[in-house]
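Working notes, beginning with the structure itself.
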Amino acid sequence: MTGGKRKKSLVLLIEDDPGDQELTRRAIAQDLPDAELRIVPDGEDAIAYLENACSASRQNEYPRPDLILLDLNMPKIDGRDILQFVRSRPELRLTPVVVLTTSKHERDIVSSYEKGCNTFVSKPVTVEEFMDAIRRIGHYWLNIATAPPELAVR
């Protein structure tokens, strides 16, 4: 974005684990000051948030995310279904989605890429490695990668 004040990037974390939510919050607050984090704790809340974000009249309350961090194993609606929903919506289809999950199963990796994730990351085990992964993911997608113009001008 050229000229004017740059808006904060919005990271939407779709994650049911309170510990992972807190570590993500800390990593983003410490290392990505130009990012706002919103957290939804289950699949139903994620779909509701994303549906509202697609509504022009609700975007002040539910801004479209610039990056989605998605756990696969979610209560109520599975992360795989959320990924399909995101890719089915024209308003969201170009939004980067990083699958961040405990799974290392080949079928989950292949399926996630087939359904349109941009990156698949198996959650690191230690706190330090987890926070470092969040920092690196956020830095890459929000500061290094070039967003499609459709995302950059919102």
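Would it be correct to say that Ile47 is closer than 20 Å to Lys7 by Cβ, touching a helix residue (DSSP H, G or I) at 6+ places or on another chain (Cβ under 9 Å) and either at pLDDT 95 or above or surrounded by 17 or more Cβ atoms within 10 Å (Cβ to Cβ) (or both)?
On the way: closer than 20 Å to Lys7 by Cβ: no; touching a helix residue (DSSP H, G or I) at 6+ places or on another chain (Cβ under 9 Å): yes; either at pLDDT 95 or above or surrounded by 17 or more Cβ atoms within 10 Å (Cβ to Cβ) (or both): yes.
Considered against the rule, which asks whether it is closer than 20 Å to Lys7 by Cβ, touching a helix residue (DSSP H, G or I) at 6+ places or on another chain (Cβ under 9 Å) and either at pLDDT 95 or above or surrounded by 17 or more Cβ atoms within 10 Å (Cβ to Cβ) (or both), Ile47 comes out as no.
Could you check, for region 37-57, whether at least one of its residues is among the polar types (S, T, N, Q) and in contact with a strand residue (DSSP E or B) (Cβ under 9 Å, 6 or more places away or on another chain)?
Checking region 37-57: not a single residue is among the polar types (S, T, N, Q) and in contact with a strand residue (DSSP E or B) (Cβ under 9 Å, 6 or more places away or on another chain).
Which residue, of Arg80, Arg107, Arg87, is more than 19 Å from Pro148 (Cα to Cα), surrounded by 15 or more Cβ atoms within 10 Å (Cβ to Cβ) and basic (Lys, Arg)?
Going through Arg80, Arg107, Arg87 in turn, just one is more than 19 Å from Pro148 (Cα to Cα), surrounded by 15 or more Cβ atoms within 10 Å (Cβ to Cβ) and basic (Lys, Arg): Arg80.
Output the number of residues of region 122-148 satisfying the condition of being within 16 Å of Leu10 (Cβ to Cβ), out of contact with any helix residue (DSSP H, G or I) (no Cβ under 8 Å at 6 or more places or on another chain) and buried (at least 18 other Cβ atoms within 10 Å of the Cβ).
The number of residues fulfilling the criteria is 4.
The values are calculated or read from the model by the stated rules, or taken from the named source; none is laboratory data. Note that the structure is predicted; figures quoted are calculated from it, not measured. Cβ coordinates were reconstructed from backbone atoms using ideal geometry, including for glycine residues, and neighbour counts include every protein chain displayed.
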